[in-house]
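One structure is given below, encoded as structure tokens.
A short reminder: the numbers here are calculations on the coordinates, not readings from a lab. Worth saying up front: this structure is predicted, and the values here are computed from it rather than measured. Quick reminder, even Gly has a Cβ in these numbers, built from the backbone with ideal geometry, and neighbours come from all protein chains shown.
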Amino acid sequence: MLDLSSGRIYLADESSPDQVPSGWKVIDSKASQPARVKVLVVDDQKLIADTITDILTDAGFHAIAAYDGGSALKAAERFEPDYLLCDVLMPRMNGVQVAIAIRKGHPAAKILLFSGQAGTAEILQEGREKGYEFELLAKPIHPLKLIERLKEQK
């Protein structure tokens, strides 16, 4: 039996704690679910960030979107992502700068950068000169390829 008001699941024919129907056992439904992989998606084009976030959420990831570097860093502090998926070319703070800051604050986070424009080579080179190497995915990213790529490193 599922009690929607408490979020509890009761199984028949097992020992029961107080205030549970006789013959029923309480199962914490939240504890029985595996933790979802957390992905922070960053792109200054809101539609792209939101679309990727929706696709990843539908595929079982816990994904949130940020639309610039500053908000991405704030979100990472609260969210503690397993992955950063970040556009390279953004105003004020580019994707390599975001990735370096995330790597410093969250060294276990895996980082994937993406871009659909030429000119990213120089930005990536700046990261390499500081000792950071990041994988680059080309835009547009096919949703199934992205999901497959993220599940490779789980």
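Annotations
- Placing R0 at 25 angstrom, the Cβ-Cβ distance between Tyr132 and Asp50 gives a FRET efficiency of 0.35 after rounding to 0.05.
- Of Lys46/Lys151; Lys104/Lys151; Lys46/Lys130; Lys38/Lys74; Lys38/Lys151; Lys38/Lys145, pairs whose Cα-Cα distance is over 21 Å: Lys46/Lys151; Lys104/Lys151; Lys46/Lys130
- Put in order of Cβ neighbour count within 10 Å, fewest first, the listed residues Asp50, Asp58, Asp87 become Asp58, Asp50, Asp87.
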